[in-house]
Amino acid sequence: MSPNDETHTTTESVETRNGSTGADGIPAPLVSASRPMPSDYRISLAALGGTDRHLLHPPTQRRQPMRGFEDTYVDIVDYIVRITHRIWEEKDIGYIYDTYRHNALVTDDVGLQYGRDKIVADTIHTVNAFPDVRIYADGVIWAGNEDVGFFTSHRGFMTGHNTGYSRFGPPTGKKMVVWAIANCSSIENEIFQEWVLYNTASMLRQLGFDVMTMARELGNRLPPDALHDARCGEVERLPGQGKPPHLPTKPPELPEIEDFIRRAYHYIWNWRLLSRIDAAYAPTLRFHGVSDREYYGRGEYKSLVLSLLAMFPDLVFQIDDLYWMGNDQDGYEVALRWSIVGTHRGYGVYGPPTGRRVHLWGITQEIIQGGVIQEEWMLFNEFHVLQQLLRDEPLTLP
């Protein structure tokens with residue numbers, strides 16, 4: 001790994017235009033504090049020896065400044081892994097009161113959940129449904145420091161048997177193995193904002209449910225306005241309008257890795273230039289997606305992009321948050337949170353066109369080596385999208 005301590009610094013923008021980029025893909029004004037990016041992997045899950053080894057033999061000497069955090073935690077990766085283990089596996093659910101702010105905001109596949117008490121209640125619900133739940137951390141990408149806060153993207157696998165009641169119905173007794181990604185913002189021992197996605201459709205299939213039937217049933221239970229997203233507004237890509245704008249020349253202060261990511265996504269998704277996939281992704285790409293999509297190579301990844309473009313032909317893609325760790329020599333691990341607004345006007349795996357407006361949001365993690373994306377994990381709120389599209393009651397669009 002890189003022998004130096006140098007950190008790259010970028011700026012995180014306040015969501016002045018529904019995210020750090022507008023629908024045109026151009027970065028919004030940079031108005032918030034600087035956020036340092038770690039330039040090596042000395043603070044990482046691999047450096048801690050993996051989940052089980054780390055939990056059995058946790059380090060005792062602090063590795064980075066963490067003002068306000070409990071003395072037991074040596075770095076931000078240690079904090080994320082061990083509070084997750086204590087809350088979920090040791091069932092100290094009340095530890096949430098110490099590690100989440102009272103007015104914490106949590107966005108999941110259903111929408112925005114407000115307040116620490118709701119987090120406690122939802123965690124109890126899930127642990128009750130899967131009392132033997134285990135969570136294996138698979139990777140933690142982080143950025144920030146004790147002054148501006150820490151930003152973490154935690155990918156892990158959940159296993160357990162459904163021996164308790166859940167919102168999906170009575171216990172099935174079946175085992176589930178699903179993966180999830182949680183992006184958290186924390187400062188002084190408290191998480192104040194979180195975005196979390198589970199591979200919900202995969203879990204439902206493993207429990208023996210029909211995903212489409214369950215989506216329609218749960219969608220019909222919700223009030224008429226429960227599936228609207230106030231952030232949708234009007235889709236900018238409309239018939240008869242001009243072409244998408246080009247991104248401006250990279251400003252000197254923008255890191256190369258950030259410019260690479262922003263350009264790749266803007267031109268692949270908003271310009272529909274799928275040949276850019278050949279330039280941005282390795283021919284041996286490994287892709288792990290929502291609903292257990294497993295692809296090898298760029299051709300299968302292009303098919304995924306095409307399928308979403310076909311179902312939502314007016315979709316607009318935007319980056320909401322982006323941070324990374326690493327360097328040119330050792331490679332980068334990138335965490336990307338994004339959103340899509342589009343209208344269901346095309347045929348695909350979600351059924352015949354409904355004409356309904358949907359809001360997709362997702363989290364992507366990537367390994368970039370040699371200037372191209374070698375491996376990618378992507379989750380988005382697919383089950384919630386199915387609820388929006390399959391519910392029987394027509395939606396009244398804003």
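The values are calculated or read from the model by the stated rules, or taken from the named source; none is laboratory data. Note that the structure is a prediction, hence the values are computed from the model and not measured. Heads up, the Cβs are rebuilt from the backbone with ideal geometry, glycines too, and the neighbour counts pull from every protein chain shown.
Going through segment 271-289 one residue at a time, which ones are among the hydroxyl-bearing types (Ser, Thr, Tyr) and touching a Phe, Trp or Tyr at 6+ places or on another chain (Cβ under 7 Å)? If the condition is that a residue be among the hydroxyl-bearing types (Ser, Thr, Tyr) and touching a Phe, Trp or Tyr at 6+ places or on another chain (Cβ under 7 Å), then 281 is the only one that fits.
Contact map, segment 279-297: residues that are without any contact (Cβ under 8 Å) to a residue 40 or more places away in the chain paired with residues that are hydroxyl-bearing (Ser, Thr, Tyr) and surrounded by 19 or more Cβ atoms within 10 Å (Cβ to Cβ), Cβ distance under 8 Å, separation 6+ or inter-chain. Pairs shown: 295/301.
Could you say whether any residue in segment 163-172 is assigned by TED's automatic domain parsing to the domain that holds residue 39, buried (at least 19 other Cβ atoms within 10 Å of the Cβ), at pLDDT 95 or above and not hydrophobic (A, V, I, L, M, F, W, C)?
Keep residues of segment 163-172 that are assigned by TED's automatic domain parsing to the domain that holds residue 39, which gives 163-172.
If we keep only those that are buried (at least 19 other Cβ atoms within 10 Å of the Cβ) too, we end up with none.
Checked against the condition, which is being assigned by TED's automatic domain parsing to the domain that holds residue 39, buried (at least 19 other Cβ atoms within 10 Å of the Cβ), at pLDDT 95 or above and not hydrophobic (A, V, I, L, M, F, W, C), segment 163-172 yields no hits at all.
Screening residue 233 against (1) modelled with pLDDT of 95 or more; (2) within 24 Å of the chain's Cα centre (by Cα) leaves a single unmet condition, (1).
Being surrounded by 19 or more Cβ atoms within 10 Å (Cβ to Cβ), in the same structural domain as residue 163 (by TED's automatic domain parsing) and of a type outside the set (S, T, N, Q) narrows it down to one residue among 124, 80, 43; which is it? Steps first, answer last, please.
Values: 124 fails: surrounded by 19 or more Cβ atoms within 10 Å (Cβ to Cβ); 43 fails: surrounded by 19 or more Cβ atoms within 10 Å (Cβ to Cβ).
Testing whether each residue is surrounded by 19 or more Cβ atoms within 10 Å (Cβ to Cβ), in the same structural domain as residue 163 (by TED's automatic domain parsing) and of a type outside the set (S, T, N, Q) leaves just 80.
Of the residues making up segment 299-306, none is under 21 Å from the mean Cα position of the chain (by Cα), of a type in the set (Val, Ile, Thr) and surrounded by 21 or more Cβ atoms within 10 Å (Cβ to Cβ).
Would you pick out the residues in segment 127-139 that are surrounded by fewer than 19 Cβ atoms within 10 Å (Cβ to Cβ) and either closer than 26 Å to residue 58 by Cβ or touching a Lys or Arg at 6+ places or on another chain (Cβ under 9 Å) (or both)? So that I can check it myself, show each step before the final result.
So in segment 127-139, the residues surrounded by fewer than 19 Cβ atoms within 10 Å (Cβ to Cβ) come out as 127-128, 131-134, 136, 138-139.
Those that are surrounded by fewer than 19 Cβ atoms within 10 Å (Cβ to Cβ) and either closer than 26 Å to residue 58 by Cβ or touching a Lys or Arg at 6+ places or on another chain (Cβ under 9 Å) (or both): 127, 131, 132, 133, 134, 136, 138, 139.
Restricting segment 115-166 to residues that are in a loop (DSSP other than H, G, I, E, B) and in contact with a Leu (Cβ under 9 Å, 6 or more places away or on another chain), the residue that is nearest to residue 321 (Cα to Cα) is 115.
Scan segment 96-108 for residues that are outside any strand (DSSP E or B) and crowded, with 16+ Cβ neighbours inside 10 Å and the total you get is 3.
Against the numbered list (1) part of a strand (DSSP E or B); (2) touching a helix residue (DSSP H, G or I) at 6+ places or on another chain (Cβ under 9 Å); (3) among the small types (Gly, Ala, Ser), residue 339 comes up short only at (2). Of all the criteria given as (1) closer than 30 Å to residue 80 by Cβ; (2) modelled with pLDDT under 95; (3) assigned to a helix (DSSP H, G or I), the one not satisfied by residue 253 is (3).
Give 317, 260 a once-over and let me know the one that is in a helix (DSSP H, G or I), touching a residue at least 60 places away in the same chain (Cβ under 8 Å) and closer than 23 Å to residue 371 by Cβ. Quick ask: steps written out before the conclusion?
On the way: 317 fails: in a helix (DSSP H, G or I).
Only one candidate qualifies: 260.
Scanning for something at pLDDT 95 or above, of a type in the set (Lys, Arg), closer than 15 Å to residue 190 by Cα and in a loop (DSSP other than H, G, I, E, B), does segment 79-93 turn up at least one residue? For segment 79-93, residues at pLDDT 95 or above, of a type in the set (Lys, Arg), closer than 15 Å to residue 190 by Cα and in a loop (DSSP other than H, G, I, E, B): absent.
A Cβ distance below 6 Å, combined with a sequence gap of six or more or placement on separate chains, defines the contacts here; from segment 90-107, residues that are outside the structural domain of residue 186 (by TED's automatic domain parsing) and under 18 Å from residue 72 (Cα atoms) reach no residue that is at pLDDT 95 or above and surrounded by 20 or more Cβ atoms within 10 Å (Cβ to Cβ).
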